[in-house]
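**Student:** Got a structure for you, questions after.
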Amino acid sequence: MSKKKHKSKRSEIEKFNRECSAKIIRVLKESKDPVSYSKLMKICRDKNFNFQHFSICLKTLKKQRKISKVSDGFTLPEKVNLIKCEVVRLNRTYGFVRDCKTNEEIFISGKHLLGAMPGDIVSVRTFRGNGTHEEGVIMEIEEESIPRFIGNIVFENGKYMVQPDSIFKYAIEFGNPLGIKYKENDKVLALITKRGKSHSEHKCELVSNFGSSLNASSCALSILELNGITPVFPDEVISEAKNVSDESKIKAELKNRIDLRNMTIFTIDGADTKDIDDAISVVRTENGFELGVHIADVSHYVKPKSELDNEAFNRGTSVYYANRVVPMLPKELSNGICSLNPNTDRLAFSCIMNIDKNGITKSYKFLKSVIRSRVKGVYSEINKLISGEAEDDIKNKYSEVVDTIPVMLELFKLLDRNKKARGCPNLETSESKLIISENDKCIGVEGRIRGISEEIIEDFMLAANECAAKFGKENNLPFVYRIHEDPIEDKINNLFDGLKKLNVSFNSNGKVTAEFLNDILIKTKGKPKSVVVNNLVLRSMAKARYSVEPIGHFGLVLDDYAHFTSPIRRYPDLTIHRIMSEYLENPNLSSIKAKYNKFSYASADQSTKQELVAMSVERDCEGCYKAEYLSTHIGESFDGLITSVMDFGFYVELQNTCEGLVRVESLPEGDYDFDGSMTLINRLTGQSFMVGDTISVKVVNTNISSGKVDFEILQ
């Protein structure tokens, strides 16, 4: 084609696009309702109509956000309230998206998911669903992710397929270009390779095989892999860890530090803890107490932009599940040179606080130190020493520090009294202890009980964390704070509705403070409904997160709070150690801001993101192990508490913290009405099942792979 003809052809296409675009915009402006694809095509059809050019015209208008695609056709963006969201998680019949601006989550029912996958960026139209909860419809998938999922190999209709654990309910076909060996019931990781218009039309390929889905340990490994969490560190990271973990270099560093090796310093942790990053010292003074919180100086070993630092930034946090840990840092650091092991010289970052006889911190200082822990304390043993129940072998073990324990206890009582006076909500969440056998099976589940020594260490760490935040704010440093915002109105209303239905009296004048929440918890403490009230209060509160803005912590009722005390396992702690250390060495604020302003933003965002991932992974892994435990108790009966009610049934938590679903179809015959929040009522008999009711159930089914358990009520 000649240049002249080519130019003429291009001109014709451009003219068609202009005229077609104008017609489409005009029609959509005039129409109250969305206009279908076929109707728009009919309107644009003339003697010069070209189907391909028409399709390109529509796509261009959508890309330029001049028009919006909705379920009934096309309309103008201003006519529909579309929110840009990220798909964050899917279940078999529903999902959740997160508003990209507000971070609020929106429920999407399965029929409105449009085949979307986790990580997709989607346009969502919201509406008020049953009850008070906001729901949404995915109108368009704007950006497709490259989603992986975990599932089981199943044999259906004469062929092997992959049944996803949770993201949708259909088994789908798969390819196997890597030649991975598999058999029925194997737990696999798969990659979506072809999208359909719905989840059932998707295609995938096998990526990994973790072994039998009947083993919780295999299922846990698949959950870790799906979320990009690996116990294995890259070779270059291990090599660097070995190079910096030279204990002989500690001696050369002594001249640059305050020598605290003669102080009575010791650690208190769980019996199995290997990554010991905090130690304490407590001394009675003329005006009160000197509390020392001595933290492993990880920033001395993990330098900015090193291989270790890049890996730690990506991981964000250590992940703990069952009897295992996937550390943020290699064991050479986490269990070695950075772990405050007893009778060993260690580099520390110490916070020394002068606290008066009323438990008020009057002054504090941060300093680089070298310490030597006297003993590796264990919570259960310290608790026995405090209660006077310790055997002789425990007394002998703690002989060097035994005089510190009464002083430690006295200071704790003052700090605890002040915390209660501030009105901090004393939430009693259900924590589980999984008992794992030698062959890696879960053989027991118990509720984890916190003793007084756990509370002591928690309050001492809170004191140091508050001082760290004050240090950052008072010196106007670029920083990463731990913040907890006030509850939002919708969540407050849900809390009030729940309390009314539970017949819990309250008087808030429409405002919720931490003290108000604590009063509710105190009022219901020890009563059967206390677990449910705890859950209601917890759900009413915002999620704590990391931020460069020091807006305070609602739940702790503190104006200043940061995470300083766990740099081995949390990246934000390592971040502020690095910034504080540089300021102590050379308080050139302009230089520090230039170096760390952008870094502090990135650290806060990444740390928040990875914390959420870790919490989800730990919860899902725990579910698999609990299902494995209950799989050996099929048909057995247990007492439990109804913790949440849905239209499809209700969840019951057993006294050992295991949870299962009682499906509505397993209930006594009748039609059941759901009140939208807390109760199922049998219209035929009037029998009701409400959040907070105690109930006896038997285990009827377990799915280790998905961590799901089915109960039936005893009749």
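The values are calculated or read from the model by the stated rules, or taken from the named source; none is laboratory data. Keep in mind that what you see is a predicted model, and the values were worked out from it rather than measured. Cβ: placed from backbone, ideal geometry, glycine included. Neighbour counts: every protein chain shown.
So that you can scan it fast, the table gives a plain yes or no per residue for (1) in contact (Cβ under 8 Å) with a residue 24 or more places away in the chain; (2) polar (S, T, N, Q):
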site	(1), (2)
Cys338	yes, no
Tyr379	yes, no
Asp393	no, no
Ser399	no, yes
Val402	no, no
Met408	yes, no
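**Student:** Identify, please: which residue in the stretch 663-708 is among the small types (Gly, Ala, Ser) and free of Cβ contacts under 8 Å to residues at least 60 places away in the same chain and is, among those, farthest from Val188 (Cα to Cα)?
**Tutor:** In this case the residue turns out to be Gly686.
**Student:** Return a yes/no flag: does the stretch 83-99 have any residue that is farther than 24 Å from Ser200 by Cβ and in contact with a helix residue (DSSP H, G or I) (Cβ under 8 Å, 6 or more places away or on another chain).
**Tutor:** Checked against the condition, which is being farther than 24 Å from Ser200 by Cβ and in contact with a helix residue (DSSP H, G or I) (Cβ under 8 Å, 6 or more places away or on another chain), the stretch 83-99 yields no hits at all.
**Student:** When Asp459 is evaluated against the numbered criteria (1) at pLDDT 95 or above; (2) within 25 Å of the chain's Cα centre (by Cα); (3) surrounded by 21 or more Cβ atoms within 10 Å (Cβ to Cβ), which criterion, by number, is the only one it fails?
**Tutor:** The failed condition is (3).
**Student:** Quick one: in the stretch 233-252, which of the residues that are under 18 Å from Pro327 (Cβ atoms) and small (Gly, Ala, Ser) is surrounded by the fewest Cβ atoms within 10 Å (Cβ to Cβ)?
**Tutor:** This residue is Ser239.
**Student:** Kindly provide the set of residues from the stretch 435-464 that are over 23 Å from Lys376 (Cβ atoms) and outside any loop (DSSP other than H, G, I, E, B), ordered by number.
**Tutor:** Cys442, Ile443, Gly444, Val445, Glu446, Gly447
**Student:** Kindly establish whether Ser217 is at pLDDT 95 or above and either under 31 Å from the mean Cα position of the chain (by Cα) or β-branched (Val, Ile, Thr) (or both).
**Tutor:** Spelling it out, Ser217 is indeed at pLDDT 95 or above and either under 31 Å from the mean Cα position of the chain (by Cα) or β-branched (Val, Ile, Thr) (or both).
**Student:** How many residues does the stretch 39-70 contain that are out of contact with any Pro (no Cβ under 8 Å at 6 or more places or on another chain) and either surrounded by 12 or more Cβ atoms within 10 Å (Cβ to Cβ) or acidic (Asp, Glu) (or both)?
**Tutor:** So the answer is 20.
**Student:** For the stretch 670-706, what are the residues that are crowded, with 17+ Cβ neighbours inside 10 Å, over 24 Å from Glu134 (Cα atoms) and touching a Lys or Arg at 6+ places or on another chain (Cβ under 7 Å)?
**Tutor:** Of everything in the stretch 670-706, those that are crowded, with 17+ Cβ neighbours inside 10 Å, over 24 Å from Glu134 (Cα atoms) and touching a Lys or Arg at 6+ places or on another chain (Cβ under 7 Å) turn out to be Gly692, Ser705.
**Student:** Still on this structure, I have one more. Of all residues being touching a residue at least 24 places away in the same chain (Cβ under 8 Å) and assigned to a loop (DSSP other than H, G, I, E, B) in the stretch 567-598, which is nearest to Lys473 (Cα to Cα)? Just the residue, please.
**Tutor:** Here the residue is Pro587.
**Student:** Next up: Could you please give the count of residues in the stretch 607-644 that are within 29 Å of Phe313 (Cβ to Cβ) and either in contact with a Lys or Arg (Cβ under 6 Å, 6 or more places away or on another chain) or among the charged types (D, E, K, R) (or both)?
**Tutor:** Summing the residues that are within 29 Å of Phe313 (Cβ to Cβ) and either in contact with a Lys or Arg (Cβ under 6 Å, 6 or more places away or on another chain) or among the charged types (D, E, K, R) (or both) in the stretch 607-644 gives 7.
**Student:** Please go through the stretch 237-259 and give me each residue that is assigned to a helix (DSSP H, G or I) and either assigned by TED's automatic domain parsing to the domain that holds Val154 or β-branched (Val, Ile, Thr) (or both), ordered by number.
**Tutor:** First, pick out the residues of the stretch 237-259 that are assigned to a helix (DSSP H, G or I): 237-244, 249-256.
Across the stretch 237-259, the qualifying residues are Val237, Ile238, Val244, Ile250.
**Student:** Okay, moving on. When you scan the stretch 664-711 for strands (runs of 3 or more DSSP E) that lie fully inside it, which ones turn up with 1 or more residues that are within 28 Å of the chain's Cα centre (by Cα), among the β-branched types (Val, Ile, Thr) and modelled with pLDDT of 95 or more?
**Tutor:** In the stretch 664-711, the matching strands (runs of 3 or more DSSP E) lie at 694-703.
**Student:** Check Phe51, Phe127, Phe107 and return the single one that is under 17 Å from Asp490 (Cβ atoms), of a type in the set (A, V, I, L, M, F, W, C), without any contact (Cβ under 8 Å) to a residue 24 or more places away in the chain and not assigned by TED's automatic domain parsing to the domain that holds Leu612.
**Tutor:** Unique residue meeting the criteria: Phe127.
**Student:** Could you please give the count of residues in the stretch 361-397 that are crowded, with 18+ Cβ neighbours inside 10 Å, under 37 Å from the mean Cα position of the chain (by Cα), farther than 21 Å from Ala463 by Cβ and not basic (Lys, Arg)?
**Tutor:** So the count comes out to 5.
**Student:** Here's something else I'd like to know. Residue by residue through the stretch 78-117, note down the ones that are small (Gly, Ala, Ser) and in a loop (DSSP other than H, G, I, E, B).
**Tutor:** Going residue by residue through the stretch 78-117, those that are small (Gly, Ala, Ser) are 95, 109-110, 115-116.
Result: Gly115, Ala116.
**Student:** Considering only the stretch 139-161, state which residues are outside any strand (DSSP E or B) and either of a type in the set (Val, Ile, Thr) or touching a His at 6+ places or on another chain (Cβ under 8 Å) (or both).
**Tutor:** Of the residues in the stretch 139-161, the ones outside any strand (DSSP E or B) are 144-147, 157-158.
Across the stretch 139-161, the qualifying residue is only Ile146.
**Student:** Oh, and also: Within the stretch 645-655, can you find the residues that are of a type in the set (S, T, N, Q) and in contact with a Lys or Arg (Cβ under 9 Å, 6 or more places away or on another chain)?
**Tutor:** The first filter runs over the stretch 645-655 and keeps only residues of a type in the set (S, T, N, Q), leaving 655.
Residues satisfying the conditions do not exist here.
**Student:** Looking only at the stretch 282-292, decide whether some residue is loosely packed, with under 13 Cβ neighbours inside 10 Å, touching an Asp or Glu at 6+ places or on another chain (Cβ under 6 Å) and either without any contact (Cβ under 8 Å) to a residue 12 or more places away in the chain or of a type outside the set (A, V, I, L, M, F, W, C) (or both).
**Tutor:** yes
**Student:** Suppose the filter is surrounded by fewer than 16 Cβ atoms within 10 Å (Cβ to Cβ), within 18 Å of Asn656 (Cα to Cα) and aliphatic (A, V, I, L, M); does Ile436 pass it?
**Tutor:** It is false that Ile436 is surrounded by fewer than 16 Cβ atoms within 10 Å (Cβ to Cβ), within 18 Å of Asn656 (Cα to Cα) and aliphatic (A, V, I, L, M).
**Student:** Please go through the stretch 514-543 and give me each residue that is assigned to a loop (DSSP other than H, G, I, E, B) and either at pLDDT 90 or above or of a type in the set (Phe, Trp, Tyr) (or both), ordered by number.
**Tutor:** Passing the criteria: Met541, Ala542, Lys543.
**Student:** Within the stretch 629-652, identify whether any single residue is in a strand (DSSP E or B) and charged (D, E, K, R), and answer yes or no. If you could, list the steps in order and put the result at the bottom.
**Tutor:** Looking only at the stretch 629-652, we keep the residues that are in a strand (DSSP E or B), and these are 637-646, 649-652.
Add one more test, that the residue is charged (D, E, K, R), and what stays is 639.
There is at least one residue in the stretch 629-652 that is in a strand (DSSP E or B) and charged (D, E, K, R).
**Student:** Follow-up question, since we're still on this one. If I filter the stretch 549-566 for residues that are outside any loop (DSSP other than H, G, I, E, B), touching a helix residue (DSSP H, G or I) at 6+ places or on another chain (Cβ under 6 Å), among the hydroxyl-bearing types (Ser, Thr, Tyr) and crowded, with 19+ Cβ neighbours inside 10 Å, do I get at least one hit?
**Tutor:** No, the stretch 549-566 contains no residue that is outside any loop (DSSP other than H, G, I, E, B), touching a helix residue (DSSP H, G or I) at 6+ places or on another chain (Cβ under 6 Å), among the hydroxyl-bearing types (Ser, Thr, Tyr) and crowded, with 19+ Cβ neighbours inside 10 Å.
**Student:** If Ala469 satisfies every condition in (1) without any contact (Cβ under 8 Å) to a residue 24 or more places away in the chain; (2) of a type in the set (Gly, Ala, Ser); (3) more than 29 Å from Gln655 (Cβ to Cβ) but one, which is the exception?
**Tutor:** That leaves (1) as the condition not met.
**Student:** From the list Gly175, Gly151, which one is touching a Cys at 6+ places or on another chain (Cβ under 8 Å) and either of a type in the set (Gly, Ala, Ser) or at pLDDT 90 or above (or both)? Full working, then the answer.
**Tutor:** Details: Gly151 fails: touching a Cys at 6+ places or on another chain (Cβ under 8 Å).
Unique residue meeting the criteria: Gly175.
**Student:** Sticking with this one: What is the residue count in the stretch 489-513 for residues that are surrounded by 15 or more Cβ atoms within 10 Å (Cβ to Cβ) and not in a helix (DSSP H, G or I)?
**Tutor:** Residues that pass the stated criteria total 5.
**Student:** Conditions first: (1) closer than 21 Å to Glu225 by Cβ; (2) part of a strand (DSSP E or B). Gly136 passes all but one, so which condition is the exception?
**Tutor:** (1)
**Student:** Also: Condition check: under 22 Å from Tyr320 (Cβ atoms) and either of a type in the set (A, V, I, L, M, F, W, C) or without any contact (Cβ under 8 Å) to a residue 60 or more places away in the chain (or both). Does Leu538 satisfy that? Spell out the reasoning first.
**Tutor:** Working: under 22 Å from Tyr320 (Cβ atoms): yes; either of a type in the set (A, V, I, L, M, F, W, C) or without any contact (Cβ under 8 Å) to a residue 60 or more places away in the chain (or both): yes.
Yes; evaluated as a whole, the condition is true for this residue.
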